[in-house]
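Below is one structure, written out as C-alpha cells; comments come after it.
Every number in this text was worked out from the coordinates using simple rules, so none of it is lab data. Because the structure is predicted, anything quoted here is derived from the model rather than measured. Cβ placement follows ideal geometry from the backbone for every residue including glycine, while neighbour counts extend to all protein chains displayed.
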Amino acid sequence: MNKKTIFAISGSLRVGSTNHNILKHVGTLLPPKFDYHIYDALATIPPFDPGLDNDTPPQAVAELRGLISNADAIIICTPEYAYGVPGQLKNALDWMVSSGTFVDKSVSLITASLGGDACHAAMLLILGAINSTVIPEATLLIQFIRSKMGADGEIVDGETREEVKRVVEDLLKAIG
C-alpha cells in the first residue's frame, strides 16, 4: 500500500515559531502510513511576477508546485501579521493561482496568533480562490497562542492539544 503524503506549510519564516511548533506536533499525531513534510523554503519564493508565471516559473516556485501537486493533503498553519496573511505566505499562494496546483486539493487551515480572525477569514477566501477543498472540520483558529505554548515549543494547553488532534483526525478522515 502506498503511503499518503501530507505537506505542511508554516506562514511564519521563523523556524522556532509557534506555527512551526504546532506543525511539528501535528507530525507526532500521524499514523506511520503517512509521509509528512514541513516545508522550510518559503523564504526562497521570489516576489510574484505575472510575467514569469508560465510553464517555466522560477525554480523555487516550480519545486513548491511539485511538492503540493504530489501531496494528498496540505496543512497550513499561519500567524496573523498586521490583521492579514503574512506577506511571504500570500506571495507563495499568488504563484499557485494560475497553475491549478491547489485545485481540489484537500486543505486543513490552522491560524495561530494573538487574534487571527482577519487572517483566518482572508486565508479561507484565498484558498477558495485557488479552488482548494478546505475541509471545514479541519480548520482551527487558535487565539492567544503564546499563552498556550511552553518555553520548549510544546502545546501546554490541554484544550488546544485536543483541538489540534481533532483537526488532524478530521483531515485524515477526509483523505481516507
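Structure summary
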{"quantity": "From phi via Karplus (6.51, -1.76, 1.60), per-residue ³J(HN,Hα) for the stretch 132-149 in Hz, x at Gly/Pro", "calculated": "7, 9, 6, 8, x, 6, 9, 10, 7, 10, 10, 8, 6, 4, 5, 6, 10, 10"}
{"quantity": "Violating pairs (Cα-Cα greater than 21 angstrom) within the set 33/90; 105/173; 4/24; 4/148; 4/90; 3/90", "calculated": "33/90; 4/148; 4/90; 3/90"}
{"quantity": "Of all DSSP beta bridges in the chain, antiparallel share, percent nearest 5", "calculated": "10"}
{"quantity": "Local electrostatic count, residue 84, Cβ distance below 13 Å [Lys/Arg +1, Asp/Glu -1]", "calculated": "-1"}
{"quantity": "Amide proton proximity set for residue 111, modelled H, under 5 Å, gap of 5+", "calculated": "78, 140, 141, 142"}
